[in-house]
């Protein structure tokens, strides 16, 4: 004979079972911002892959660029400065710590347009670590300061997590109905 479970036990079992099937994935979206020496802020969202050191992110896209909270012209072309000026191929790269920055986003391929932002702590083609902006952000070129950099994962629930929560709610509802029917028959 099968022993009947209480509603709380059934929900606990369902939650544990669904938890076993959900695993955290590397975040693919990141919010970033950089505060320039004059207090202006360049920000937006990066898409990329966190690397094994859990600090480095290979960037595949920059979306929603903002300058001081206002929309900035699109800068869809990405290149690493190692690739652009160093001669060898490398992915556009940023880091959570801000210590490894090899990234240019621009309105033209190969970082040759008037709009964009670049971070260079690797090639140092102007003699030291720099940050630079395009015309819409004041055409700034200044020493790069990692303390002014912020990169945070953007929280996006995984489809399997949403499915697991839905299944747990479904199981809970079904068990609750069954329990109510049992109480009506006994009452």
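The values are calculated or read from the model by the stated rules, or taken from the named source; none is laboratory data. These figures come from a predicted structure and were not determined experimentally. As a convention, Cβ positions derive from the backbone with ideal geometry for all residues, glycine included, and neighbour counts pool all protein chains shown.
Has segment 112-121 got any residue that is surrounded by fewer than 21 Cβ atoms within 10 Å (Cβ to Cβ) and within 27 Å of residue 53 (Cα to Cα)? Checked segment 112-121: no residue is surrounded by fewer than 21 Cβ atoms within 10 Å (Cβ to Cβ) and within 27 Å of residue 53 (Cα to Cα). Those residues that are touching a residue at least 24 places away in the same chain (Cβ under 8 Å) and either touching a strand residue (DSSP E or B) at 6+ places or on another chain (Cβ under 7 Å) or crowded, with 21+ Cβ neighbours inside 10 Å (or both), I need them from segment 124-135; list them, please. Passing the criteria: 129, 131, 133, 134.
Filtering segment 116-148 to residues that are assigned to a loop (DSSP other than H, G, I, E, B) and over 23 Å from the mean Cα position of the chain (by Cα) leaves 123, 124, 125, 126, 127, 128, 129, 134, 138, 139, 140.
When residue 167 is tested against (1) farther than 23 Å from residue 45 by Cβ; (2) surrounded by 14 or more Cβ atoms within 10 Å (Cβ to Cβ); (3) out of contact with any strand residue (DSSP E or B) (no Cβ under 8 Å at 6 or more places or on another chain); (4) modelled with pLDDT of 85 or more, only condition (4) is not met.
The combined condition, being modelled with pLDDT of 95 or more, crowded, with 16+ Cβ neighbours inside 10 Å, farther than 22 Å from residue 99 by Cα and touching a helix residue (DSSP H, G or I) at 6+ places or on another chain (Cβ under 7 Å), is fulfilled by residue 77.
When 10, 28 are checked against the criterion of being farther than 21 Å from residue 122 by Cα and at pLDDT below 80, 10 stands alone in meeting it. Of the residues examined, residue 105 is one that is within 27 Å of residue 45 (Cβ to Cβ), surrounded by 12 or more Cβ atoms within 10 Å (Cβ to Cβ), modelled with pLDDT of 95 or more and under 18 Å from the mean Cα position of the chain (by Cα).
So is residue 101 free of Cβ contacts under 8 Å to residues at least 24 places away in the same chain and closer than 21 Å to residue 29 by Cα or not? Against the criterion (free of Cβ contacts under 8 Å to residues at least 24 places away in the same chain and closer than 21 Å to residue 29 by Cα), residue 101 does not qualify.
Only one of the numbered conditions (1) in a loop (DSSP other than H, G, I, E, B); (2) over 25 Å from residue 70 (Cα atoms); (3) at pLDDT below 95; (4) under 24 Å from the mean Cα position of the chain (by Cα) is violated by residue 155, and that is (2). Evaluating residue 152 against the criteria (1) touching a residue at least 12 places away in the same chain (Cβ under 8 Å); (2) over 14 Å from residue 46 (Cβ atoms) leaves one unmet condition, (2).
Residues of segment 61-87 that are free of Cβ contacts under 8 Å to residues at least 24 places away in the same chain and over 13 Å from residue 136 (Cα atoms): 61, 63, 64, 83, 87.
Here is the figure for segment 26-64: residues that are in contact with a strand residue (DSSP E or B) (Cβ under 6 Å, 6 or more places away or on another chain) and surrounded by fewer than 14 Cβ atoms within 10 Å (Cβ to Cβ) total 6.
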